[in-house]
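Just below is one structure, and these are the notes that go with it.
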Amino acid sequence: MRKKIRNNIITFTLLHLLLVSAYANDFPTQSRAEFVFACMAANGQSQAYLAKCSCTIDEIAEQISYAEYVDAETVLRMRLMRGERAAIFTESAWSNEIISNFNSITSDAELECF
Amino acid sequence: MKSTKSAVLLLAGMVTTLTSSLATANQELERMSSDPKQWVMPAGDYSNQRYSKLKQINSRNVNELKVAWSFSTGVLRGHEGGPLIIGDVMYIHTPFPNKIFALDLNDDQRIIWSYEPKQDPSTIPVMCCDTVNRGLSYGDGKIFMYQADTTLIALHANTGKKAWSVANGDIALGETGTAAPHVIKDKVLVGISGGEFGVRGSMTAYDIKTGKLAWRGYSMGPDSDILVDPKRTTHLGKAVGKNSGLNTWKGDQWKIGGGTVWGWYSYDPDLNLVYYGTGNPSTWNPTQRPGDNRWSMTIFARDVDTGMAKWVYQMTPHDEWDFDGINEMILADIKVKGKKRPALVHFDRNGFGYTLDRKTGELLVAEKFDPAVNWATHVDMKTGRPQVVDRYSTEFNGEDVSSTGICPAALGSKDQQPAAFSPKTGLFYVPTNHVCMDYEPFRVSYTAGQPYVGATLAMYPAPGGTHMGNFIAWDADKGKIKWSIDERFSVWSGALATAGDIVFYGTLEGYLKAVDAKTGKELYRFKTPSGIIGNVTTYQHDGKQYIAVLSGIGGWAGIGMAAGLTEDSDGLGAVGGYRHLQEYTNLGGVLTVFSL
């Protein structure tokens, strides 16, 4: 009986760890810094925007995994490509879903931080 | 317009009768290509294997790879191809406007010279698929570039000064240049792009010293244009017969027949043959152009000196899906069905991996290299014809009907990004697409210089999958996948295999990846500044092995703009903000160079 409870606790903890680690804080510092650089370039090179932009990327990183972030970044970049090869990124339901999920997460993060 | 074309034709006819001089430039180049410290031609060597004997970086230490240096090209848009390394100098090219940089590897990559051609900006709208350029070639002390506007230029490698230039096509007809020129013997070979504009494709050889036209072989048209001998040129062992480039076309549709040439060309010095593939027939609406449309979608083996075709093999007769046959031909001597063969291995857009005898053109193996491929059940080995499934036949279903669920999509199970071959493992390493499509052909009329497409497409990842690409190891004897890595996005970067038992490739996310050549196990990844559609290259300098790859697609993804540009920016207002942003994002394509 006792063993079973302990097993359950272990299972629960493992599951919890898995869930959390899949979504939080797996963004490399370089990628966060890159976001902040671009965000400040767009909005302002000041202490205030350093705080707002850092807050935004931290919020995003809490909501999605780095792999998901890279997916969205890739689709957005491919959409800037010319010609037939961009079509799959601009028109497919698959890529639209990636972008709409990402947009809702970033706008939540911006509301939170700006 | 018309007079230019006929003048070129006349010239072609005159020059083909002249004999070519002895090939000394080529002996130098062949010697250089056997030195693994340099990378002297687009694929590293004439056999298109993209294999290096260097092994300082290997499967045990590749995880310690670090960025040694990087170089920003300052040009946005897709960066295909890769640099050349000739002695102590690296040569880098860019997409339109087609800049060239010569960097001194002995002096912290100081720019020795740079070159930017003046090109008519009206070239850009007639480029179907981004303003890419697949790189440079070297030979006879010169660097060659095939510009977007179809000008082939020869620059002195030491100074960047122009030696000669020649116009190969006419942008007013939709003819453009995207592929790398290839130096073979005393000639520089260039193809032509513009299949979506009703261009008639060709391969042209120019004299390396003067830029004089030596021969031009069209993909379709009269025998004298396509340079075939009706009695001696063969298709799967049978003579092609008279007018083979005319009699599978309706009327004079061959004049706007497509079959463009824009891949990577390989060469067998013993057989004196150059190998390449031709693109889709124009238009994309198959109903409008009945017949097999020879020799679109065809592997050509031509004599380098005369251009005369020794053999041809049409992979996709009467294309209904835009499955261009231009992908590279990899020459490798491998065992096929127990017998050692001078093989030619080709991964076609149509999803079949072909193994042929490159001496005779005999078809040995034709199997699907992506399990999703469904438009044909198999290739009939006697006739060489794919057995098309009615449901996925856009001709069978007819004009203005959408044929759905066709795999692969128009960009093919694999596009131009070249595969690699390792003689050590005997395996081919292939970057692939795992994408399907709906295809609706419609009737179009031809106007010179205007798009001549005639189909609407929708593309999406293959069913059941959440990934758009695979990176596979292929056994060209058995026609089977040895191992396969799921890639979230299509792999559009050229592979590199090395004697260090590793294979490199890039991804659209921007990762340079190194995997174990035997197992496919990932050993290293590094995120470069943009997506990678360039080809991985290696060289050695000052005792150190380097890995180099171009990244750069489209531009900056725009993530991080956050609340936008409405707020005051350092007192400069939105304009100042944009300026900052431009400084930040205008870095363009980047060559990243790695070492241990």
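Quick look at the numbers
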read-out: Filter result (of a type in the set (A, V, I, L, M) and assigned to a strand (DSSP E or B)) within region B:80-111; value: B:L84, B:I85, B:I86, B:V89, B:M90, B:I92, B:I100, B:A102, B:L103, B:I111
read-out: Residue check, A:D71 more than 10 Å from every other protein chain (Cβ to nearest Cβ), within 23 Å of B:G510 (Cα to Cα), in contact with a Lys or Arg (Cβ under 9 Å, 6 or more places away or on another chain) and charged (D, E, K, R); value: no
read-out: Selection status of B:I153, buried (at least 20 other Cβ atoms within 10 Å of the Cβ), of a type in the set (A, V, I, L, M, F, W, C), out of contact with any helix residue (DSSP H, G or I) (no Cβ under 9 Å at 6 or more places or on another chain) and under 22 Å from B:W264 (Cα atoms); value: yes
read-out: Some residue of region A:54-61 being within 15 Å of the chain's Cα centre (by Cα), at the interface with another protein chain (Cβ under 7 Å from one of its Cβ atoms) and touching a residue at least 24 places away in the same chain (Cβ under 8 Å); value: yes
read-out: Qualifying positions in region B:441-465 - of a type in the set (A, V, I, L, M, F, W, C), over 17 Å from B:S402 (Cα atoms) and within 14 Å of chain A (Cβ to nearest Cβ); value: B:A462
read-out: Check on B:S219, crowded, with 23+ Cβ neighbours inside 10 Å and polar (S, T, N, Q); value: yes
read-out: Strands (runs of 3 or more DSSP E) contained in region B:287-403 and holding at least 1 residues of a type in the set (S, T, Y); value: B:298-303, B:309-314, B:352-357, B:376-379
read-out: Verdict on B:A458 being at pLDDT below 95 and under 24 Å from the mean Cα position of the chain (by Cα); value: yes
read-out: Test: B:G177 is surrounded by 21 or more Cβ atoms within 10 Å (Cβ to Cβ), modelled with pLDDT of 95 or more, closer than 20 Å to B:P281 by Cα and more than 14 Å from chain A (Cβ to nearest Cβ); value: yes
read-out: Candidate set: region B:70-85, residues that are crowded, with 20+ Cβ neighbours inside 10 Å and more than 14 Å from chain A (Cβ to nearest Cβ); chosen: the one nearest to the chain's Cα centre (by Cα); value: B:G81
read-out: Residue satisfying all of: in region A:74-111; over 12 Å from the mean Cα position of the chain (by Cα) and β-branched (V, I, T); farthest from the other protein chains (Cβ to nearest Cβ) among these; value: A:T90
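Listed here are the residues, each with its yes/no results for (1) surrounded by fewer than 17 Cβ atoms within 10 Å (Cβ to Cβ); (2) touching a strand residue (DSSP E or B) at 6+ places or on another chain (Cβ under 6 Å); (3) assigned to a loop (DSSP other than H, G, I, E, B); (4) at pLDDT 95 or above.
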residue: A:V75; (1), (2), (3), (4): no, no, no, no
residue: A:M81; (1), (2), (3), (4): no, no, yes, no
residue: A:A86; (1), (2), (3), (4): no, no, no, no
residue: A:N96; (1), (2), (3), (4): yes, no, no, no
residue: A:N103; (1), (2), (3), (4): yes, no, no, no
residue: A:T106; (1), (2), (3), (4): no, no, no, no
residue: A:E110; (1), (2), (3), (4): no, no, no, no
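The values are calculated or read from the model by the stated rules, or taken from the named source; none is laboratory data. Just so we're clear, the structure is a prediction, and the values are computed from it rather than from any experiment. Heads up, the Cβs are rebuilt from the backbone with ideal geometry, glycines too, and the neighbour counts pull from every protein chain shown.
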